[in-house]
Amino acid sequence: MQNEINEGVILTSLNEEEVENLTKENKKRKRVWEIDFARGLAIILMVLDHLMWNIYDFTYKFFDVNVSFLNGSFTLNLPNENGISLPSFLYFYMQVGGWYYNWDVRVAFRQVILILFFIICGISFNFSKNNIKRGLILLGCGIGVTILTGIAVGLDIVSLKSSFIPFGVLSCYGAIILLVYFIKWLTLKLSKNNIKIWYFVSFLICLASIFLTIFYKVGDINYMFNPENPKQMFIAILGSIFGFSIWGGDFFPLFPYITYFLIGEFIGNTVYKNKESIFKNEPKITKPITFVGRYTIWVYIAHIPLITLIHCILYWSAGFNLILF
């Protein structure tokens with residue numbers, strides 16, 4: 001009671017600007033910094049992974065560099081038609097990218113990042129004030145990526161099989177958020193807010209996802225589908241959403257990724273039930289990564305165009321021409 005009186009005295013002694021600043025500071029404190037840190041670390045690792053892809057894949061395919069690519073590495077650096085060879089540092093730069101991207105460990109490393117992302121997304125589900133809005137924004141961004149890559153395919157800038165993204169990671173995030181929101185809302189309404197019933201339903205969804213993934217090879221990247229007409233294209237898009245067909249350069253079906261999301265959602269409901277950090281103080285060393293973690297959606301949208309632009313400038317300045325058609 002005394003604390004409440006003291007707080008009231010403090011607030012009444014402040015002007016409007018000071019009260020507003022204090023309110024903003026209180027809201028800022030409510031953020032769970034370790035979640036932002038984990039999200040920031042995951043997006044930074046993803047950016048590095050895409051940087052390596054852009055180094056080895058984009059540059060030698062879209063610029064008139066004359067390098068030989070064999071068994072996952074660049075083996076020969078020859079002059080192009082204009083008599084220009086890659087400078088040693090750029091050739092080494094591309095070799096590092098090729099070595100990393102074709103490294104067996106990279107496959108496991110990438111999967112760990114993706115699982116971490118979906119678990120964090122599931123935890124954040126319980127912190128969001130408006131999951132419908134959040135899901136629609138992510139799904140909208142994903143559809144935007146689909147449209148842009150579709151335009152690139154239509155202009156013959158990229159190939160349909162490797163670069164068109166009908167249902168990428170943003171679309172998957174958004175769709176799972178909306179799907180889980182609806183199922184959870186319906187379950188809690190029918191069970192009169194019995195959270196244990198929701199846990200049971202989540203468990204059944206996870207079992208179904210695991211069963212489909214293991215026994216029906218959902219998400220098996222050995223099956224590539226390249227549609228040739230609108231009907232096949234519709235079937236391919238539908239199949240890629242659920243994981244029954246693989247299509248495009250960014251493949252994220254609902255199964256099995258909804259499993260990781262629901263694991264995160266369970267953690268958010270239990271470990272972070274009070275929506276508070278389980279660690280009292282954030283170390284100063286983690287704050288830059290935490291800052292990145294607060295804006296992951298913008299980092300994800302901007303990093304590929306930015307990396308591509310930097311590489312274009314780098315190779316243009318070295319005297320190489322961009323080849324689109």
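Looking only at residues of the range 160-181 that are within 21 Å of Asp57 (Cβ to Cβ) and out of contact with any helix residue (DSSP H, G or I) (no Cβ under 7 Å at 6 or more places or on another chain), we find that the one that is modelled with the highest pLDDT is Val169. When Leu322, Leu309, Leu262, Leu314 are screened for being surrounded by 14 or more Cβ atoms within 10 Å (Cβ to Cβ) and outside the structural domain of Tyr199 (by TED's automatic domain parsing), only Leu314 passes. The helices (runs of 4 or more DSSP H) located wholly in the range 73-167 that include 2 or more residues which are touching a residue at least 40 places away in the same chain (Cβ under 8 Å) and within 27 Å of Glu265 (Cβ to Cβ) occupy 104-125, 131-154.
If you filter the range 29-70 down to residues that are in a helix (DSSP H, G or I) and without any contact (Cβ under 8 Å) to a residue 60 or more places away in the chain, you find that the one that is surrounded by the fewest Cβ atoms within 10 Å (Cβ to Cβ) is Arg29.
The residue pairs whose first member lies in the range 180-191 and is touching a residue at least 60 places away in the same chain (Cβ under 8 Å), whose second member is among the β-branched types (Val, Ile, Thr) and surrounded by 14 or more Cβ atoms within 10 Å (Cβ to Cβ), and whose beta carbons are closer than 7 Å, counting only pairs six or more residues apart or on different chains, do not exist in this structure.
The values are calculated or read from the model by the stated rules, or taken from the named source; none is laboratory data. As the structure is a prediction and not an experimental result, all values here were calculated from the model. Backbone-built Cβ (ideal geometry, glycine too); neighbour counts: all protein chains shown.
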